[in-house]
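Notes to accompany the following structure.
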């Protein structure tokens, strides 16, 4: 998964922004968004495998709507 690197500078504290008073940081929000992205990508892959005509219909619909905007 994604790991955040900490810069090793001698005069910086090792505390995260959530540990400092006055900062509201949502814990593990990045992990949730990464999981959500993986689920959406897997769902799209399953749809392409199960219904191969779906991407063709999507391209056809997008191209016809784009052509309608040009006119």
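No lab work stands behind these numbers, since they all come straight from the coordinates. Remember, predicted model here, so these are calculated numbers, not experimental data. For neighbour counting, all protein chains shown are included, and Cβ atoms are generated from backbone atoms with ideal geometry for every residue, glycine included.
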Can you figure out the FRET efficiency of residue 40 with residue 69, using R₀ = 22 Å and their beta-carbon distance, to the nearest 0.05?
0.25
In nanometres, the difference between 0.36 nm per residue of separation and the alpha-carbon distance of residue 32 and residue 51 is 4.0 nm
